2 protein chains.
Amino acid sequence: MGADDKLSGVTTPDAPFLHAARREPTPYTPVWLMRQAGRYLPEYRALRERHGFLELCKHPDAAAEVTLQPVERLGVDAAILFADILLLVEPLGVGLEFTKGEGPVIRRPVRTEAQVAGLTPIDVEAAVPFVFEAARRVRAALGGRVPLIGFAGAPFTVASYVVEGGPSRDYLHTKRLMYEAPEAWSRLMAILVDATARYLNGQLAAGAQAVQLFDSWVGVLGPEDYRAFVLPHMRELFRALAPGAPVIHFGTGTAALLPLMRAAGGDVIGLDWRVDLDAGWAAAGHDRAVQGNLDPAVLLARPAYIRQRVKDVLDRAGGRPGHIFNLGHGVLQQTPVEHVQALVELVHEMSAR
Amino acid sequence: MGADDKLSGVTTPDAPFLHAARREPTPYTPVWLMRQAGRYLPEYRALRERHGFLELCKHPDAAAEVTLQPVERLGVDAAILFADILLLVEPLGVGLEFTKGEGPVIRRPVRTEAQVAGLTPIDVEAAVPFVFEAARRVRAALGGRVPLIGFAGAPFTVASYVVEGGPSRDYLHTKRLMYEAPEAWSRLMAILVDATARYLNGQLAAGAQAVQLFDSWVGVLGPEDYRAFVLPHMRELFRALAPGAPVIHFGTGTAALLPLMRAAGGDVIGLDWRVDLDAGWAAAGHDRAVQGNLDPAVLLARPAYIRQRVKDVLDRAGGRPGHIFNLGHGVLQQTPVEHVQALVELVHEMSAR
């Protein structure tokens with residue numbers, strides 16, 4: 001990787017995370033957690049008392065500090081860049097805001113063919129220079145301790161926010177656009193595919209050593225919808241990514257979509273908790289690595305119970321090379337930080353080979 | 001069936017719905033729709049302008065009228081009793097209310113071991129006599145045109161309302177109770193299993209010719225949770241149901257749970273839209289009938305597109321005896337009534353053998 005050359009001395013050639021992503025044997029199962037930098041961490045809450053969410057995202061020093069917090073605290077096997085999947089769509093002029101408690105809101109959702117026709121391609125370098133700068137600083141600050149993962153929202157999930165205006169129960173505006181105006185839908189997806197590829201390639205050039213695509217809400221679609229309205233665009237996106245660094249392809253509620261996600265692409269398929277890890281791996285294919293898949297709610301329970309459920313996930317992985325331990329979705333903000341620390345220790349201890 | 005003897009002359013021995021539920025050949029694929037009596041129907045909205053939701057449920061004449069509305073309007077192959085899955089828990093004293101727009105709210109949710117210990121068994125006959133009376137009136141009014149389906153919420157889904165207090169995003173109170181107080185969870189489930197069995201058997205005795213268990217939210221659980229916290233209770237429930245009438249076992253987000261739902265019981269396994277019907281049938285087992293599974297959002301699209309998607313579902317069923325056409329979940333209130341009419345006609349026309 002080009003970035004590794006420029007940052008010689010801070011590469012991580014022996015990182016279990018990178019080996020597992022390539023299905024190579026590792027001395028123990030590597031573990032990191034989606035949303036490992038977040039509200040459950042006292043040091044994150046302390047920063048958030050003084051700074052807004054977007055403010056943290058847009059200041060590379062702050063974003064780098066947040067990115068490193070869980071690495072220091074938890075001993076996880078990878079860092080993931082602190083950012084938000086919607087930063088990329090700010091230039092679309094849809095009125096993106098992060099409201100307190102509510103999460104992201106898009107004030108001017110894009111729902112009609114005319115509205116889609118009015119969109120212009122996203123100038124990624126102008127939109128998110130701070131993300132690339134944060135990646136450079138984190139990579140330098142990590143000093144080779146663990147690899148850095150970059151990420152983006154997958155086009156369907158980002159499109160669903162742009163169309164709905166926020167989280168949705170039924171995604172009816174999105175589905176109506178797909179069914180009633182398939183060409184407009186394709187144009188919206190094409191704009192996002194192009195921007196997402198540039199965004200991820202920019203993160204890789206800035207020092208990320210792997211990237212994850214979060215198709216968090218794609219599980220609202222049936223397989224027929226995925227085939228018609230998502231798969232061709234995802235293939236396009238995977239083709240446009242710089243070769244070399246592992247790509248993790250994640251969604252939730254995807255038990256029936258895994259063979260299609262596999263067909264779309266990804267070196268590592270992320271599994272949510274609603275599928276047994278062994279069944280999910282079989283569906284994703286044993287020629288791929290998998291990441292997952294403990295229910296985040298299990299971390300609310302006592303460590304003795306957490307141990308039992310970690311064992312179940314590890315047993316289902318069966319020691320086969322290519323398993324990266326993670327939750328099935330992000331860490332819940334109600335999670336006791338000691339339980340998260342216990343989880344990382346349990347995974348390392350129980351998987352030691 | 002006892003009820004059939006008492007109501008001789010109004011039986012429906014040739015009903016395609018009942019034949020399909022028993023995997024016997026039918027001249028066309030029978031179709032009914034979850035929430036076929038609901039807000040998308042002008043005649044239902046007219047009634048609701050004058051009466052509250054609970055008022056309709058509790059007056060057998062009104063409930064019977066609502067039950068019959070879609071039979072008259074749509075030509076569906078079954079009627080489903082108008083009621084709500086939470087009526088059964090009113091006697092628990094949890095403060096059940098149906099608020100405008102928000103749906104059901106439980107003012108005093110049950111979240112602790114002490115709160116569960118304070119619950120007493122539900123006196124079903126005293127709690128829902130109006131449901132049984134409505135079933136008798138509907139059965140008589142149908143005059144044998146189509147069979148009558150009774151229903152109940154499955155214990156997990158009802159318990160999740162009782163514990164959360166309403167719909168939930170993450171079901172954390174429910175999962176915490178399961179993980180941290182498994183004996184209290186079992187007691188809550190046992191109370192609901194007992195009441196649900198009495199409730200469904202009462203509906204069958206009052207004239208229902210099949211029943212459906214709605215485990216609508218069970219898809220928030222991973223398979224390991226289902227095995228430990230749901231499966232034993234569901235087995236108990238299926239064992240307690242009066243033999244003879246077909247039982248439909250339905251949930252959403254269940255792609256990975258279908259083999260376990262099959263193991264729990266049910267003559268017909270209900271599939272939501274997030275699985276291909278052929279794959280779902282294979283997972284549920286070809287020794288069961290299946291029901292489903294068009295995405296309700298498809299009914300927002302033009303009839304030409306609806307036709308294409310109906311064809312896909314029918315093609316995947318492949319004309320095999322044992323398919324009951326339905327949506328993957330309830331009719332959305334935004335659905336044009338003409339699209340629902342078109343759907344029923346399309347299914348009958350395209351499946352004619």
Within region A:315-353, the count of residues that are among the small types (Gly, Ala, Ser) and at negative phi comes to 6
Flagged in region A:219-236 as surrounded by fewer than 23 Cβ atoms within 10 Å (Cβ to Cβ) and closer than 23 Å to residue A:208 by Cα, in numbering order, are A:235, A:236
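For region B:95-193, please list each of the helices (runs of 4 or more DSSP H) lying entirely inside it that holds at least 2 residues being under 30 Å from residue B:77 (Cβ atoms) and in contact with a strand residue (DSSP E or B) (Cβ under 8 Å, 6 or more places away or on another chain). If you could, list the steps in order and put the result at the bottom.
Working: elements: B:113-117, B:124-127, B:129-142, B:155-164, B:172-180.
Of the helices (runs of 4 or more DSSP H) lying wholly inside region B:95-193, those with at least 2 residues that are under 30 Å from residue B:77 (Cβ atoms) and in contact with a strand residue (DSSP E or B) (Cβ under 8 Å, 6 or more places away or on another chain) span B:129-142, B:155-164.
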Screening B:63, B:37 for residues that are surrounded by 16 or more Cβ atoms within 10 Å (Cβ to Cβ) and part of a loop (DSSP other than H, G, I, E, B) leaves only B:37
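So is residue B:208 assigned to a loop (DSSP other than H, G, I, E, B) and modelled with pLDDT of 95 or more or not?
On the way: assigned to a loop (DSSP other than H, G, I, E, B): yes; modelled with pLDDT of 95 or more: yes.
So residue B:208 passes the test.
Given the structure, is residue A:314 touching a residue at least 40 places away in the same chain (Cβ under 8 Å) and in contact with a Ser or Thr (Cβ under 7 Å, 6 or more places away or on another chain)?
Details: touching a residue at least 40 places away in the same chain (Cβ under 8 Å): yes; in contact with a Ser or Thr (Cβ under 7 Å, 6 or more places away or on another chain): yes.
When the stated conditions are applied, residue A:314 passes them.
Any chance you could count how many residues in region B:272-284 are over 15 Å from residue B:318 (Cβ atoms) and more than 7 Å from chain A (Cβ to nearest Cβ)?
The initial filter retains those residues of region B:272-284 that are over 15 Å from residue B:318 (Cβ atoms), namely B:272-275, B:283.
Narrowing further to those that are more than 7 Å from chain A (Cβ to nearest Cβ): B:272, B:283.
Total satisfying the criteria: 2.
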The lone condition residue B:268 fails out of (1) more than 10 Å from chain A (Cβ to nearest Cβ); (2) surrounded by fewer than 23 Cβ atoms within 10 Å (Cβ to Cβ) is (2)
_Condition check: on the phi < 0 side of the Ramachandran plot, free of Cβ contacts under 8 Å to residues at least 60 places away in the same chain and surrounded by fewer than 20 Cβ atoms within 10 Å (Cβ to Cβ). Does residue A:91 satisfy that?_
yes
Flagged in region A:243-260 as in contact with a Ser or Thr (Cβ under 8 Å, 6 or more places away or on another chain) and within 13 Å of chain B (Cβ to nearest Cβ), in numbering order, are A:251, A:252
Counting only residues in region A:200-231 that are among the charged types (D, E, K, R) and within 19 Å of residue A:190 (Cα to Cα), the one farthest from the other protein chains (Cβ to nearest Cβ) is identified as A:215
When every residue in region B:219-274 that is in a loop (DSSP other than H, G, I, E, B) and free of Cβ contacts under 8 Å to residues at least 40 places away in the same chain is compared, the one farthest from residue B:174 (Cα to Cα) is B:243
Over region A:285-344, the set of residues surrounded by fewer than 24 Cβ atoms within 10 Å (Cβ to Cβ), within 14 Å of chain B (Cβ to nearest Cβ), of a type in the set (D, E, K, R) and assigned to a loop (DSSP other than H, G, I, E, B) is A:302
Inset, instruction - Would you confirm whether any residue within region A:279-299 is in contact (Cβ under 8 Å) with a residue 40 or more places away in the chain, under 24 Å from residue A:341 (Cα atoms) and of a type in the set (Gly, Ala, Ser)? - result: no
In the set B:152, B:159, B:195, B:181, the lone residue that is within 14 Å of chain A (Cβ to nearest Cβ), in contact with a helix residue (DSSP H, G or I) (Cβ under 6 Å, 6 or more places away or on another chain) and more than 20 Å from residue A:333 (Cβ to Cβ) is B:181
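The values are calculated or read from the model by the stated rules, or taken from the named source; none is laboratory data. All values reported here derive from a predicted model rather than from experimental measurement. Cβ atoms come from the backbone with ideal geometry, glycine included; neighbour counts cover every protein chain shown.
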